[in-house]
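One structure below.
The values are calculated or read from the model by the stated rules, or taken from the named source; none is laboratory data. Just so it is clear, the model here is predicted, and its values are computed rather than measured. Note that each Cβ is placed from the backbone with ideal geometry, even for glycine, and that neighbours are counted across all protein chains shown. Ligands, DNA and RNA are stripped out before the accessible areas are found, and what is left, the full protein with its side chains, is counted by its heavy atoms. Shrake-Rupley method; radii C 1.70, N 1.55, O 1.52, S 1.80 Å.
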Amino acid sequence: MSILNEISENLQRGKTKIVKELVQQAIDEGISPKEILEQGLLSGMDVVGEKFKKNEVFVPEVLVAARAMNMGTALLKPLLADDSAASVGRVCIGTVKGDLHDIGKNLVKMMMEGKGLEVVDLGTDVDPETYVKTALEQNCQIICCSALLTTTMPVMGQVVKEAEKAGIRHKVKIMIGGAPVTEAFCQEIGADKYTPDAASAADAAAAFCREIA
């Protein structure tokens, strides 16, 4: 089995220590950081994402796989800094104003990082202006809004309006999600994409970034 396959397999099992050792070994063997990232870490996280979608693994397994991935990418980051092709795109994510739930948001963030996206995490209770300001300053292609309360869902509509006001609506996609959110609501407020789960959100974000690129 190639070392990249070993990295992928051990990441899927959440073997953080082994993943870290194998990534270092691959670096020492002269394998390019981009290859280690894409064919080792990201391919492993892809498998976890697919299994999560099919309910074959659950949140705890995703968390340990993500931890293993973060350990591996920490070693690669300094080496990838010169490689502009390393990042698929940049996303800012947060739970909307008035809502303090963050488990779903954190899961989406991990899945997106697992697709090679850079994620700027704004935390919870985020007002519409902050999303737009961050998207502008950090050059994000996507704004992701999460809400777990029906009472905070209307804030997502305000984010869309704020992006229009700032004149960035043509170049920044707005994605929404959370338990009470629906496809009909997404269309009603004029957002670009609703996804029912974290793995689908990551797939959609990566697809958007590829389109824009």
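Every residue in the range 43-67 that is open to solvent by 70 Å² or more (accessible area, probe 1.4 Å) and of a type in the set (D, E, K, R), please. Result: E50, K51, K53, K54, E56, E61, R67.
Would you check if there is a residue in the range 30-40 being without any contact (Cβ under 8 Å) to a residue 24 or more places away in the chain, of a type outside the set (S, T, Y) and surrounded by 19 or more Cβ atoms within 10 Å (Cβ to Cβ)? Looking through the range 30-40, none of the residues is without any contact (Cβ under 8 Å) to a residue 24 or more places away in the chain, of a type outside the set (S, T, Y) and surrounded by 19 or more Cβ atoms within 10 Å (Cβ to Cβ).
Evaluated against (1) assigned to a helix (DSSP H, G or I); (2) of a type in the set (A, V, I, L, M, F, W, C); (3) in contact with a strand residue (DSSP E or B) (Cβ under 6 Å, 6 or more places away or on another chain), F185 falls short on exactly one condition, (3).
Residue count for the range 42-65 satisfying the condition of being free of Cβ contacts under 8 Å to residues at least 40 places away in the same chain and touching a helix residue (DSSP H, G or I) at 6+ places or on another chain (Cβ under 7 Å): 4.
Is it the case, given these coordinates, that P196 is open to solvent by 10 Å² or more (accessible area, probe 1.4 Å) and free of Cβ contacts under 8 Å to residues at least 24 places away in the same chain? It would help to see each step written out before you state the result.
Working: open to solvent by 10 Å² or more (accessible area, probe 1.4 Å): yes; free of Cβ contacts under 8 Å to residues at least 24 places away in the same chain: yes.
Taking the combined requirement at face value, the residue satisfies it.
Would you confirm, using the coordinates I've provided, whether L42 is within 21 Å of T124 (Cα to Cα) and in a helix (DSSP H, G or I)? So L42 does not fit the description; no.
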